[in-house]
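**Student:** I have a structure here, written as structure tokens, and I will follow up with some questions on it.
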């Protein structure tokens, strides 16, 4: 899709693409084995205007009876005005259920999991739509100078993150969806783009991406575009750096007026935002795990 064609796409088109599917909040698959921890990786540079970051995740492949890492990647949404709600695993009734990610005008519930790069456990602090254009927060995205023009910079308080990639059970992530988040996820949503679907299928077909072969360290952790496994800018798993976590404050535009704050309270009653054990975030993707500032991009607002 060209940039011009993308800009001409309207939210009305996105609504027209909505398939008469059951609510995406339903569990699409249930597994008796816990998903592996989230690998630690850097975000590849954005390819251009209009792309939205979608975090990587562990998918279940019934054919190989194993988890497979689907790399995080930049994706063009189905229509202007749509945002991505990441999928998540949730432990309930003795098994782990996969809640598939979806597109919509609002970011819904994704298990309180801190995926990084603006997805800090609730809402999205990586950017916003403004007059038909997506504006990027360069504090949490890898924005090379001059590549995109709708850029602003807003620091995002770092949140405590954990290795677990699921909500509930023995995980530190125990938040429940708010009433608003239930409404967001309970409706109909546009289909995934063809590029997204092909990206997942390609990852599942690669033996090296399977947990049984890579032991939780997939060779391709993130790609700059869907299906870009051979791209020179692919990102590999990295060692999590030592870091200090600042106390959490409300994030503008992402307050949770109802229910439990995203991320919940870790075991032992340590308040969210405290320094994780060992001084780093063991499972958090990205070198700036919970929204810490990144280099690159432009200061201030540009149109």
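Computed from the coordinates by the stated procedures, all read-outs in this text should not be read as laboratory data. Keep in mind the model is a prediction, meaning the values are calculated, not measured. As a convention, Cβ positions derive from the backbone with ideal geometry for all residues, glycine included, and neighbour counts pool all protein chains shown.
**Student:** Order these peptides, 171-179, 62-70, 36-44, by their mean beta-carbon neighbour count within 10 angstrom, highest first.
**Tutor:** 36-44, 171-179, 62-70
**Student:** Here is a further query. In what sequence, highest mean first, do 226-239, 129-142 appear when ranked by Cβ atoms within 10 angstrom?
**Tutor:** In decreasing order of mean packing, 226-239, 129-142 become 129-142, 226-239.
**Student:** Right, next: Where a ≥ b ≥ c are the square roots of the eigenvalues of the C-alpha gyration tensor, would you call segment 130-247 rounded, which needs a/c under 1.5, or, failing that, prolate if a/b is larger than b/c, or oblate?
**Tutor:** Rounded, since a/c falls under 1.5.
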